[in-house]
Amino acid sequence: MTLQPLASYRRITVKIGSALLVDRESGLKREWLASLSSDIAVLAKAGVEVCVVSSGAIALGRTILGLGRRALKLEESQAAAAVGQIALAEAWSDALGRRGLKSGQVLVTLGDTEERRRYLNARATISTLLKLKAVPVINENDTVATSEIRYGDNDRLAARVATMMGADLLVLLSDIDGLYSAPPGRNPAARFVPVVEHITPDIEAMAGAAASELSRGGMRTKLDAGKIATTAGAAMIITAGTRMNPLAAIDRGERATFFRPSETPVRGYKTWIAGNLEPAGRLVVDEGAVRALLSGKSLLPAGVRAVEGAFSRGDTVAVLAPEGSEVARGLVAYDADDAVKIAGLKSARIAEVLGYEGRAAMIHRDDLVVTHATRMLAASGD
């Protein structure tokens, strides 16, 4: 289903869900972790660089602290993460070390990938670990993250890591073996989808909710991850991690859904823009502007029909078609208040309305990424 063996990829990011790594009663699943570490060692021997995005700190910490299954307060979750992170890092170090591999822990927050300077710093750290032949084990820093400044799931974090590091494959190991036409637990007639060419609205409609109370993600966040990864040119696989040696199982042909990478991927600086998870605002544009963006042009104020959000100049904003689907993302050239004033106007009137000579484009093409071109072209029949 990968269309090529895992060992033929140059760099792979592997995401592990909490339910795979931690048992609610007994804690860490050491035998399973050992089998996955063996798979990683096989890939490393073949010359593949592997980045691991590992959930499980809170789940492991709450087991160690005896907090049970009840809903945790924020400070309890953060305390559980503090305990769990130590135990998790030790477990990874031991499991990989037994197979001759070094490892390094990298804890990130949402701001570490959304703010450009911190993004570059995180990338440099992980790149150095890979050069030194160490396996980066990455997790969200749940000891300090709050609901307002967190990823909330490691699927999208893994996609962000994959694109940041230029991985050519993202593997999401989960408690489900792939994408179905409907949640299979609720619909026995759900159809398995082996290959996804493009993540369209029909594909997104198949997404369900999280399958485990240990998991914060669900199929919807996996598809969000897929959009981030495939736009940047990485393939993605969703498969069950519940079996032993789950990476080897992919090569054996066990059930998995393969998402093809974009044929025209975003590269470099624009990868960061396209993967931004929380746009600061939205610009709704007319059909003429949509056509202009798809042809590679800048977004001019004349094509903007509505401005939503409280953003500042330089923030990432989403560009929406008239019916509400996302067309692009980019770094806006105006604060929200000024954007409202010039929306719908010819660029020649900017100075007259604002009292200063601003940029001709609301978003310049150099700072803009078309994120759903295939979908929009299909819809327009082009």
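Details
- Selection from the stretch 165-185 of residues that are more than 29 Å from R123 (Cβ to Cβ), surrounded by 17 or more Cβ atoms within 10 Å (Cβ to Cβ) and not aliphatic (A, V, I, L, M): D177, G178, Y180, P184
- Residue pairs whose Cβ atoms lie under 6 Å apart, sitting 6 or more positions apart in sequence or on different chains, and linking a residue in the stretch 134-146 that is under 18 Å from L21 (Cα atoms) and assigned to a strand (DSSP E or B) to a partner that is modelled with pLDDT under 85 and of a type in the set (F, W, Y), are E140/Y151.
- For the stretch 98-107, the set of residues classified as under 24 Å from the mean Cα position of the chain (by Cα) and either part of a helix (DSSP H, G or I) or of a type in the set (A, V, I, L, M, F, W, C) (or both) consists of V106, L107, listed by residue number.
- Applying the condition of being more than 28 Å from P201 (Cβ to Cβ) and touching a Pro at 6+ places or on another chain (Cβ under 8 Å) to the stretch 296-346 and asking which residue is surrounded by the most Cβ atoms within 10 Å (Cβ to Cβ) yields I342.
- For I40, the test of being under 26 Å from the mean Cα position of the chain (by Cα) and free of Cβ contacts under 8 Å to residues at least 60 places away in the same chain is failed.
- Contacts under 8 angstrom Cβ, first residue in the stretch 71-99 being charged (D, E, K, R), partner part of a helix (DSSP H, G or I) and surrounded by fewer than 21 Cβ atoms within 10 Å (Cβ to Cβ), 6 or more apart: R98/A34; R99/S38; R99/A41
- Selection status of L345, outside the structural domain of I228 (by TED's automatic domain parsing), within 16 Å of D366 (Cα to Cα) and among the aliphatic types (A, V, I, L, M): no
- The criterion of at least 1 residues that are over 14 Å from the mean Cα position of the chain (by Cα) and without any contact (Cβ under 8 Å) to a residue 60 or more places away in the chain is met, among strands (runs of 3 or more DSSP E) falling completely within the stretch 192-307, by 281-285.
The values are calculated or read from the model by the stated rules, or taken from the named source; none is laboratory data. Not measured: the values here are computed from a predicted model. Every residue, glycine as well, gets a Cβ built from its backbone with ideal geometry; the counts of neighbours run over all protein chains shown.
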